[in-house]
Amino acid sequence: MTAALVANVYSKGLTAGDIGHRYLLRALADMGRSDVVFNLHCGTNNPGYGYILNQGATALTEAWDANTSSSQDHFMLGHITEWFYHDLAGIQLDPTAPGFQRVIIKPAFVGGITWVNASYASVRGTIVSDWTLANNLATLNVTIPVGSTGSIYLSTLGTTVTNLMIKESGMTIWQNGAALGSAVGVAFDHVQGAGSQAYVVWTVGSGSYQFAWNVFPAPTGLAAAAGNGQVTLSWNAVPNATGYNVKRSTISGNGYTIAAGGVTGTNYNDVGLSNNTTYYCVVSAVNGGNESANSSEVSATPGNILNFGFEAPGIGAYQYNPSGGTWTFTAQSGSNGSGISTNNSAFTSGNPNAPQGGQVAFLQGTGTISQTLIGLLAGAIYQITFSAAQRNNIYGQQAGQTWQLQLDGRTSERMRHRSRRRAMWTTPPLSPPRRQAAIRLRSSVLILTEVTTRFSSTTCGWLFRPLWFCPIWRIRLLADRFNCSGRPTTRVGNCRCRPTRSTLGLAPTG
């Protein structure tokens, strides 16, 4: 039930309206998934409170997408307030002791939030829950009104109970996995749950208390970027962590297996994955025998890099500097420029069709085409391979066209070709200094068909050798270039070319 609900809201987003929203929050929080509540409502790219704020709203809107055709100052969809008090601050009514005869304090530590301060005026008096989380130390200040008792749930946040030290008002009450001594008005009750859902529960009388305990918080800021057969993950460092476990599943919320253990950095490139399969990923921090709770979940779906070629936007014949794709083109200026052309248009007639799809890119004069590759590993070795051809029957028999391949603004290769048939080109080994690099082709008379890049899951020559033992990877860019054409002219000039379509891929070289 939990997994199905979590998978649904992550795939479809917030679809609950004014009536159902409150029950969605309650269901998720009661199942221990306040992390999902936080993620759903804080994102700025999908409908939710974060999205509403990102649209410039200064009051609660009637619709999740802040649609201006609906009210921009409305009382609906405000149910998150209950979650703030009941779950984030953790002030809860015990249904077996109505009227706050017994108060439950069970705060949720989620989303990298470092402090919460809440109070509630109950029929028996003010209830306070005030917690902070910083430098691997959690502190909870509690006030239970006269005539009430309290059940205090201290989350271990994944810390092994034998490694916990809990103090109340400076006195140690838990150490080495057992209650130790006692503080006035405080008694150990039980340990509940396991992993990220584990709590050490205490019973208290009326009064004010301060609990402090060491924790090993889960990593925050986990982000995922999908590539061809891979997912690149990054996250924020956890103080005192000696490593991280990267886990993945094809089911949201459970079924995680360790993809990599003991990762020492704060990023990981998970390769050898199946394209068009959605992977759900979490990361935990480790230190000796301690492992934190899992981070918030992220998902990514590997596949061919979207529009690494020139199929978008769709062009009827040819167009200079089209928008809506991931390549950047040069606007037409006299006989210079670049753009996209369909098969058998004025630019491509007499040349072979695009090897994939139905469009190619052309470069004319000193036009350029560029694309930024993401997910590269600093220090790794890459090679870019592509094919190109000159435009058919425009300049007659030419001495050949020349072009440049540039990486991050620096020319890495100068090339030359004079046939309307495609030829393959491969750069020398490249080592980008960053996790992303801009690839740029400059040409004056070439048309590019497609650049294709594929990630291979080859395993370094040993059938069972894990991919992460492969020390060197290369990117293969297969680009078909046709003659960059423009208006007929008697001069070729300096020809610089760029790929028209590409698919990016990694294959181990050693």
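Name the one entry in 361, 388, 331 that is of a type in the set (Gly, Ala, Ser) and at pLDDT below 75.
388
Restricting to region 246-258, give me the number of residues that are at pLDDT 90 or above and open to solvent by 20 Å² or more (accessible area, probe 1.4 Å).
6
In a strand (DSSP E or B), in contact with a helix residue (DSSP H, G or I) (Cβ under 8 Å, 6 or more places away or on another chain), open to solvent by 40 Å² or more (accessible area, probe 1.4 Å) and within 18 Å of residue 105 (Cβ to Cβ), is that true of residue 191?
yes
Wholly within region 79-188, which strands (runs of 3 or more DSSP E) include no fewer than the required count, namely at least 2 residues that are open to solvent by 20 Å² or more (accessible area, probe 1.4 Å) and at pLDDT below 90?
Answer list for region 79-188: none.
Which condition number does residue 64 fail, the rest of (1) out of contact with any Ser or Thr (no Cβ under 8 Å at 6 or more places or on another chain); (2) open to solvent by 30 Å² or more (accessible area, probe 1.4 Å); (3) assigned to a loop (DSSP other than H, G, I, E, B); (4) not small (Gly, Ala, Ser) being met?
(2)
Considering only region 289-310, state which residues are open to solvent by 50 Å² or more (accessible area, probe 1.4 Å) and at pLDDT 75 or above.
Listed by number, the residues that qualify are 291, 294, 299, 301.
The values are calculated or read from the model by the stated rules, or taken from the named source; none is laboratory data. In this text, all values refer to a predicted model and were calculated from it rather than measured experimentally. Every residue, glycine as well, gets a Cβ built from its backbone with ideal geometry; the counts of neighbours run over all protein chains shown. Protein only, heavy atoms only, side chains kept; ligands, DNA and RNA dropped before computing areas. Shrake-Rupley method; radii C 1.70, N 1.55, O 1.52, S 1.80 Å.
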